[in-house]
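See below for the structure under consideration.
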Amino acid sequence: MSGSLRCSISLSPLHSNEFPRIPVTKPRIHVPVPKPMTVALSKVVSPLRVAAPGVMIEAAGLEVDRVTEAELKENGFRSTRKTKIVCTIGPRTCEFEEIEALTVGGMNVARVNMCHGTREWHRDVIRRVRQLNEEKGFAVAVMMDTEGSEIHMDDLNDVESTKAEDGQIWTFTVRAFDQPSRPERTITVNYDGFAEDVKVGDELLVDGGMVTFVVIEKIGPDVICRCTDPGLLLPRANLTFWRNGSLVRERNAMLPTISSKDWLDIDFGIEEGVDFIAVSFVKSAEVIKTLKSYIIDRSPGSQIGIIAKIESIDSLKNLEEIIQVSDGTMVARGDLGAQIPLEQVPLVQHEVIQLCRQLNKPVIVASQLLESMIEYPIPTRAEVADVSEAVGQQADALMLSSESAMGQYPEKALAVLRSVSLRIEKCRREETHWDVTDLRIVSSSKLDEISEEICNTTSRMANKLKADAIFVYTKTGQTASLLSRNRPDCPIFAFAPSTSIQRCLNLKWGLIPFRLDFSDDMESNLNRTFSLLKARAMMKSGDLIIVVSDAMQSIQAIKVP
């Protein structure tokens, strides 16, 4: 196969005078809460076939997330949000109507955390998300987060939270209690060697320092502590302890990344067909390889993506190797901040985001983005600045944890992420025009390298011609991912033949995934796609589209007829 690049201009000639340069004005910084969108919740199908209510059109239909469709119609191509949002589902947001409200508000991925709740509870949540997708035309992916083997507290007798006040005496113990018999201010720890490993004078950090205790006495299995930094104790919070200014981690380093409980949870995730499994406290690439082999053996043909959570010193030692073998990465700043100096966390975040982009892996920035909104209806200005920085670094996704799982204002927290993302993305486009990052070659074969160069050229071409959108017809999602990696100004319409690929692409920056059956006849695909999109008022005559596909090693620049 020739490595030459064919660029065809179709349907309408492109002259340079048709695309005048638009002057750029420096925008004022303002973060509005977006007005609610009107989203049609009934299934919309193409005019080529008529279906019964709730039935997917497989042969002739074009399926796209309802919220994305509403944004495109309301705001136009360039105003669609490119940064994706992951929401953790918890007691505050587990019912069908609550999940629907998050979806309408802009949730792209629903996360279930196996640290909390039973498998039956999580099964109900996953099936509600699937029901919502099927009945109301959404494309929300499901991510399951493993608990991991690190040291953590118990579930606090099923209460949502409890406050530790300055100077209070608390007991951390390895003893288990029935709910009525648990002494006041007593917390069970999951690690049997806890009382043996800590020493009087050690500092005990909860959730990376959200609450701090100092050990004042040890009595058998009980560790008596005094609260020195008060705060909110949450169920299953991570515990670390420091001695003479250094993290005590020898025991943690010996614990397996995937515990026996995690393997049972992974079986559960495979059975329920989750789209992503996020592995906690990954120490090496071998863990990811082992898990991938296990999933292939248990479920041949499965498209479950493995997300490596970077949240420990061990992760940082093997960072590039871990990212290379994973399908995506999460920067879990809360636990990470408990193991490295706080001032290093922003540097690590930036490094991971840049490395993931170079290696063509999606990256999620997580933990404490809007922590104050667990209790308050608006965020702090520092939190808005933190979110803005992650968006400006062009992370693929932002994640809400306790804010959406158990906070008082989950929908408002989601609205803040959405509005800040839109505003910062707009600022970045106006100030820099387009991204010119020099990306390394990640392909392992010459044929793949040609496809990679085509995607790089496509993005540059779309920016230079100020294209309205890039179309990519992809059977695996790889070509769409390579386009996303380039961070073009315009949105990327990714047409995939299966709903599972459509959902997985919903985690990638700038991608608008569609489910569409297509052939190798590109002219037929384009004519049909234009007809379907125009019929749904998602596109109009004269729009400039740059087109690529898995099957064609070429680029087409086309004006919609």
Could you list all residues from the range 499-521 that are more than 24 Å from A390 (Cα to Cα) and in contact with a strand residue (DSSP E or B) (Cβ under 7 Å, 6 or more places away or on another chain)?
T499, Q502, F514, R515, L516, F518
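Yes/no matrix, rows are residues, columns are (1) surrounded by 15 or more Cβ atoms within 10 Å (Cβ to Cβ); (2) modelled with pLDDT of 50 or more; (3) in contact with an Asp or Glu (Cβ under 7 Å, 6 or more places away or on another chain):
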{"position": "I29", "(1), (2), (3)": "no, no, no"}
{"position": "V55", "(1), (2), (3)": "no, no, no"}
{"position": "A70", "(1), (2), (3)": "yes, yes, no"}
{"position": "T88", "(1), (2), (3)": "yes, yes, no"}
{"position": "G105", "(1), (2), (3)": "yes, yes, yes"}
{"position": "R111", "(1), (2), (3)": "yes, yes, yes"}
Scan the range 188-197 and tell me whether some residue there is outside any loop (DSSP other than H, G, I, E, B), farther than 20 Å from I364 by Cβ and aliphatic (A, V, I, L, M).
yes
Within the range 319-340, take every residue that is touching a strand residue (DSSP E or B) at 6+ places or on another chain (Cβ under 6 Å) and over 15 Å from D145 (Cα atoms) and give me the one that is most open to solvent (accessible area, probe 1.4 Å).
Q339
Can you name the residue in the range 443-480 that is open to solvent by less than 10 Å² (accessible area, probe 1.4 Å) and under 20 Å from the mean Cα position of the chain (by Cα) and, of all such residues, is nearest to D327 (Cα to Cα)?
G477
Only one of L232, L239, L205 is open to solvent by 40 Å² or more (accessible area, probe 1.4 Å) and either outside any strand (DSSP E or B) or touching a residue at least 12 places away in the same chain (Cβ under 8 Å) (or both). Can you tell me which?
L232
Residue check: is R119 open to solvent by 10 Å² or more (accessible area, probe 1.4 Å) and under 20 Å from Q303 (Cα atoms)?
no
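Quick one: is G301 open to solvent by less than 60 Å² (accessible area, probe 1.4 Å) and of a type outside the set (K, R)?
no
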Return the only residue of G90, G148 being out of contact with any Leu (no Cβ under 9 Å at 6 or more places or on another chain), farther than 18 Å from L507 by Cβ, touching a residue at least 24 places away in the same chain (Cβ under 8 Å) and in a loop (DSSP other than H, G, I, E, B).
G90
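The values are calculated or read from the model by the stated rules, or taken from the named source; none is laboratory data. None of the values given here were measured: they were computed from a predicted structure. Every residue, glycine as well, gets a Cβ built from its backbone with ideal geometry; the counts of neighbours run over all protein chains shown. For the accessible areas, the whole protein counts, side chains as well, though only heavy atoms, and no ligand, DNA or RNA atoms are used. Shrake-Rupley method; radii C 1.70, N 1.55, O 1.52, S 1.80 Å.
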